[in-house]
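Undergrad: The following block contains the structure, expressed as structure tokens.
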Amino acid sequence: MYTEERNIADLAVVSQDSLLVCNYSGRKVELVSRQTGKVLSQLELEGEPWRVCLVGRDRAAVTVPSIQNVQLIKIKGNTLAKDKVLIVSDDVWGITTSGYNLVVSYPKRPWLEVISTDGKVLHQFHSTGKTQQFISLDFITTSPDGTLWVSDEGNNTITKLDASLTILQTFTSPLLQTPCGITAVTADEILVCSERNNSLVQLQPSTNTMSTLLGKDDGIKGPYSLTYCPQERKIFVTPFESDSIQVFKFT
């Protein structure tokens with residue numbers, strides 16, 4: 001559905017009419033029509049946008065690792081405008097919301113932080129010395145019950161944490177091969193891109209089970225990032241270094 005030549009790093013559903021897309025190679029954040037695939041509005045950044053999440057109905061937050069900041073963006077109709085910039089601790093990758101705050105991941109430490117929308121650090125998680133050792137943290141999502149979920153492609157694990165970054169549970173399965181993009185449909189339905197397995201995996205935490213939701217036979221190949229529209233129960237998936245977005249109905 002996305003017709004412009006771009007390198008999509010991440011995406012988020014803004015409304016039933018549009019998606020917000022991180023155009024990594026173009027150093028832009030773009031508002032894209034879901035009907036035509038055309039760019040409705042765009043913002044040029046000083047670095048490459050990597051991950052995106054919505055902050056309420058009219059704002060978004062985008063990580064820009066190369067300049068170690070988070071760019072807040074205002075969304076008004078079909079127009080994007082820059083808001084404040086948050087300077088963070090390192091080359092920031094993943095991002096999600098936690099209440100009125102943001103949660104970000106760093107690949108090098110690796111670690112996690114909860115920060116306010118003014119940039120104040122509220123909680124930190126350092127993996128050094130912890131029982132749980134992360135290797136390569138990136139994508140983060142928040143489920144409707146407020147718990148956080150992070151994918152670790154180095155460990156092939158999915159980890160559940162509370163809002164203070166305390167680890168609650170860790171999940172793994174042969175189905176998880178290079179887990180990347182992650183999104184929560186409900187508190188008990190977590191969807192993960194299993195990039196090397198060419199599949200979307202559904203995790204049900206209450207039963208500690210994983211199953212393949214979509215695979216090669218459904219046209220999935222190297223899934224990297226995904227997002228979910230609860231109103232329409234649709235999944236939007238993009239491979240790594242791709243300019244295309246696939247749309248699937250979640251049943």
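Undergrad: Give me the extension gain from Q231 to T186: residue separation times 0.36 nm, minus the current Cα-Cα distance, reported in nm with one decimal. Write down the numbers at each step before the final one.
TA: Details: separation 45, 0.36 × 45 = 16.20 nm, distance 1.27 nm.
Separation in residues times 0.36 nm, less the Cα-Cα distance, equals 14.9 nm.
Undergrad: Leaving out ligands and nucleic acids, and using a 1.4 Å probe, what accessible area per residue does the chain come to in Å²? Spell out each step's value before the answer.
TA: Details: 10750 Å² over 251 residues.
I get 43 Å² per residue for the chain.
Undergrad: Quick one, can you get me the convex hull of the C-alpha atoms of the chain expressed as volume per residue in Å³? Let's see the in-between values first.
TA: Numbers: hull volume 27.9 nm³, N = 251.
In the chain, the Cα convex hull volume per residue is 111 Å³.
Undergrad: Give me P(r) over the range 172-236, computed from all C-alpha to C-alpha distances, binned every 10 Å, as integer percentages.
TA: Histogram of Cα-Cα distances, whole percents per bin: 24, 57, 19, 0.
Undergrad: Ranked by accessible surface with a 1.4 Å probe, highest first, in what order do D152, D58 come? Each step should come with its number before you reach the end.
TA: Working: D152 0, D58 90 Å².
Order by accessible area, largest first: D58, D152.
Undergrad: Going by average Cβ neighbours within 10 Å, how do the peptides 181-187, 100-106 rank, with the highest at the top?
TA: Working: 181-187: 19.4, 100-106: 22.0.
Descending mean neighbour count gives 100-106, 181-187.
Undergrad: Can you run phi through the Karplus equation (6.51, -1.76, 1.60; θ = phi - 60°) for the range 169-175 and list ³J(HN,Hα) in whole Hz, with x for Gly and Pro?
TA: Whole-Hz 3J(HN,Hα) from phi for the range 169-175: 6, 10, 10, 8, 6, x, 6.
Undergrad: So, how do all the Cα-to-Cα distances of the range 160-204 break down into 10 Å bins, in percent, from 0 on up?
TA: Histogram of Cα-Cα distances, whole percents per bin: 27, 53, 20, 1.
Undergrad: A further question follows. At 4 °C and a viscosity of 1.567 mPa s, what translational diffusion coefficient does Stokes-Einstein give for the range 24-172, taking Rh as the Kirkwood radius over Cα pairs? Give it in µm²/s as a whole number. Could you put the intermediate results ahead of the total?
TA: Working: Rh = 15.8 Å.
Estimated via Stokes-Einstein, D reaches 82 µm²/s.
Undergrad: Something else about it: Could you please state, rounded to a whole Å, how far the C-alpha centre of the range 100-164 is from the C-alpha centre of the range 180-251?
TA: 20
Undergrad: Something else: Tally Lys/Arg at +1 and Asp/Glu at -1 over every other residue whose Cβ is under 13 Å from the Cβ of S136; what's the total?
TA: Working: positive: K108, R109; negative: D91, D138, D152, E153, E195.
The answer is -3.
Undergrad: Here is a follow-up. Measure off, as a whole percent, the carbon and sulfur share of the 1.4 Å-probe accessible area of the chain, all protein chains present.
TA: Working: 4780 of 10750 Å².
The computed percentage sits at 44.
Undergrad: Kindly sort W50, W93, W149 by accessible area of their heavy atoms, largest first, with the probe set to 1.4 Å. Before the final figure, lay out the partial values.
TA: Details: W50 30, W93 65, W149 0 Å².
The ordering from most to least exposed comes out as W93, W50, W149.
Undergrad: In addition: Can you pull the semi-axes for the range 7-81, root of five times each eigenvalue of the Cα gyration tensor, sorted largest first, whole Å?
TA: On the way: eigenvalues 68, 35, 19 Å².
Semi-axis lengths for the range 7-81 are 18, 13, 10 Å.
Undergrad: Hey, if we sort R27, R196, R34, R59 by accessible area with the 1.4 Å probe, largest down, what's the order?
TA: Numbers: R27 100, R196 150, R34 30, R59 60 Å².
Accessible-area ranking of R27, R196, R34, R59, largest first: R196, R27, R59, R34.
Undergrad: Okay, next question. Any chance you could list the semi-axes, whole Å, largest first, of the equivalent ellipsoid that the Cα gyration tensor gives for the range 126-193, using √(5λ)?
TA: After diagonalising the Cα gyration tensor, the semi-axes are 17, 16, 9 Å.
Undergrad: Skipping prolines and chain starts, which residues have an amide H placed within reach, meaning under 5 Å, of the one on G154, given they are 5 or more residues away or on another chain?
TA: For G154, the qualifying residues are I135, S136.
Undergrad: Computed over the Cα atoms, what is the radius of gyration of the range 66-121 divided by 2.2 N^0.38 Å, N being its residue count?
TA: Values: Rg = 11.9 Å, N = 56, 2.2 N^0.38 = 10.2 Å.
So the Cα radius of gyration is 1.17 times the expected 2.2 N^0.38 Å.
Undergrad: Just add up the charged neighbours of P49: K/R +1, D/E -1, any other residue whose Cβ is under 9 Å from the Cβ of P49. Mind showing how you got there, number by number?
TA: Details: positive: R27, K28, R51; negative: D10, E48.
Value of the local net charge: +1.
Undergrad: With the Cα gyration tensor of the range 110-251 in hand, convert its eigenvalues to equivalent ellipsoid semi-axes via √(5λ) and list them largest first in whole Å.
TA: Numbers: eigenvalues 124, 54, 45 Å².
Working through the eigenvalues yields semi-axes of 25, 16, 15 Å.
Undergrad: Taking the Cβ of P205 as the center, what net charge do the other residues with Cβ under 12 Å away carry, scoring Lys and Arg +1 and Asp and Glu -1? Could the numbers behind the result be given before it?
TA: Numbers: positive: K160; negative: D145, D188, E189.
With Lys, Arg at +1 and Asp, Glu at -1, the net is -2.
The values are calculated or read from the model by the stated rules, or taken from the named source; none is laboratory data. Small disclaimer: the values here were computed from a predicted structure and weren't measured. Quick reminder, even Gly has a Cβ in these numbers, built from the backbone with ideal geometry, and neighbours come from all protein chains shown. Ligands, DNA and RNA are stripped out before the accessible areas are found, and what is left, the full protein with its side chains, is counted by its heavy atoms. Shrake-Rupley method; radii C 1.70, N 1.55, O 1.52, S 1.80 Å.
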